[in-house]
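*Asks:* Attaching a single structure in structure tokens format; questions to follow.
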Amino acid sequence: MPRRTQTTAIIPLEGVQRRIFLIRGQRVIIDADLAFLYGVPTKRLNEQVKRNSPRFPADFVFRLTRVEKGKVVANCDHLSGLRFSPQLPLAFTEYGAIMAANVLNSERAIRASVLVVRAFVKLRELLSNHRKLAGKLEELERRLQNHDEQILALFDAIRELMEEPEDPPKPRIGFQTELGGGA
């Protein structure tokens, strides 16, 4: 097995997952991060995307707005170099990242694209599990609310049983006539 050099080393899956963001309701990876993973300069990646534009429809890649760029730069220290760039970065969806590996056609890009796809899939699974857990919690909460009402009714019934009953009125002592008067 050939020894890996620094230029061919691949970042672990967790490192790739940290580079995936949710923008416009889609999980994306910024062009600078994708270029880093694929071992090419960002400029070269963007050139290839531009040359092969029919392969990159809007659901594969889109350009960030200035506001989106500002948020990404503010939240990610490793992308602070984008702050002063006059260009707005591209955001690649899972499909765009795969297509980028195809147009770059380098060994590293192909190997890294496998990791990128796995990272996207892993995030999708985590989101699915999160939704399932949220659904189960809501169901449990509904059940408990119903039980709470039943338990409260049970406590009320027990309290009623614990109260001492009122003594029935005692008859007056002495001789009583039919008219209800005493002697």
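*Asks:* Excluding residues on the same chain fewer than 8 positions from Lys71, give the aspartates and glutamates whose Cα lies under 18 Å from its Cα.
*Replies:* Asp31, Asp33
*Asks:* Also, quick follow-up: Starting from the Cα of Lys132, draw a straight line to each of the lysines and keep only those under 27 Å, dropping any in the same chain fewer than 8 residues away.
*Replies:* Lys122
*Asks:* Determine the shape class of segment 21-86: with a ≥ b ≥ c the square roots of the Cα gyration tensor eigenvalues, call it rounded for a/c under 1.5, and otherwise prolate if a/b is greater than b/c, oblate otherwise.
*Replies:* Oblate is the answer for segment 21-86, as a/c is 1.5 or above yet b/c matches or exceeds a/b.
*Asks:* Would you mind ranking Lys170, Lys122, Lys136 so that the residue whose beta carbon has the fewest other beta carbons within 10 Å leads the list?
*Replies:* In increasing order of surrounding Cβ atoms, one gets Lys170, Lys136, Lys122.
*Asks:* Compute the Rg/Rh shape ratio of segment 13-129: radius of gyration over Kirkwood radius, all on alpha-carbon atoms.
*Replies:* Rg divided by Rh gives 0.93.
*Asks:* A further question on this structure: Run down the lysines and flag those whose C-alpha is under 23 Å from the C-alpha of Lys69, throwing out any fewer than 8 positions away in its chain.
*Replies:* Hits, sequence-local ones excluded: Lys43, Lys50.
*Asks:* Now, a different point. Fewest to most neighbouring Cβ within 10 Å: what's the order for Asp33, Asp77?
*Replies:* Ordered by Cβ neighbours within 10 Å, fewest first: Asp77, Asp33.
*Asks:* Whole-Hz ³J(HN,Hα) for each residue in segment 28-33, computed from phi via Karplus 6.51 cos²θ - 1.76 cosθ + 1.60 with θ = phi - 60°, x for glycine and proline: what do you get?
*Replies:* Once rounded to whole Hz, the list reads 9, 10, 6, 4, 5, 5.
FYI, it's all coordinate maths here, none of it is from the lab. It should be emphasised that the depicted structure is a prediction, and the values quoted were computed from it without experimental measurement. Every residue, glycine among them, receives a Cβ derived from its backbone with ideal geometry; neighbour counts consider all protein chains shown.
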